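See below for the structure under consideration.
No lab work stands behind these numbers, since they all come straight from the coordinates. Not measured: the values here are computed from a predicted model. When we count neighbours, we look across all protein chains shown, and the Cβ atoms used for this are built from the backbone with ideal geometry, even at glycine.
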């Protein structure tokens, strides 16, 4: 039986409580938006399969609780993560649909992203702005990183040199 996917990646969404992590996940996975705020208890996750560069990629997207009281629970889910999406609220970011309430300037966020070597996406789960683009970009990056790592490992394997001398031990006959 053929596999349903070529790659399986775990993505983790982190950020303060109320910034819109769950809304982004629901918009991407189910194409839905619910304006009423529902607090995530511990963690939640969704599975979404996408096609990237002709390959099927199955994503396990973990939505962590933003409250400090769940920090020890959610930190255990970091293990085995292939990519992290840091979500923040531009009014307190993510809620790009409220530009008049914006306190985090795009220029400041872009400068921070450049310093960290990461991509910046201003999104709106409400208006479905840049949501799919963000998830697809991180998926492409994780896939590219995996392929580069595999290529490096293949090169290292081919360059392995056996340092042991290939000498036969001669036993002396006794008596």
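Figures for the structure shown
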item: Where labels lie 7 Å past Cα in the beta-carbon direction, separation of residue 109 and residue 128 in nm; result: 2.1 nm
item: Förster radius 25 Å - calculated FRET efficiency between residue 101 and residue 33, Cβ distance, rounded to 0.05; result: 0.85
item: Residue 145 versus residue 118: modelled label distance in nm, points set 7 Å from Cα along the beta carbon direction; result: 1.0 nm
item: Along principal axes, Cα extents of the range 119-159, largest first, whole Å; result: 52, 13, 7
item: Segments 138-147, 51-60, 6-15 sorted - mean Cβ within 10 Å per residue, highest first; result: 6-15, 138-147, 51-60
item: Chain lengthening between residue 84 and residue 43 when straightened (0.36 nm per residue, less Cα-Cα); result: 13.3 nm
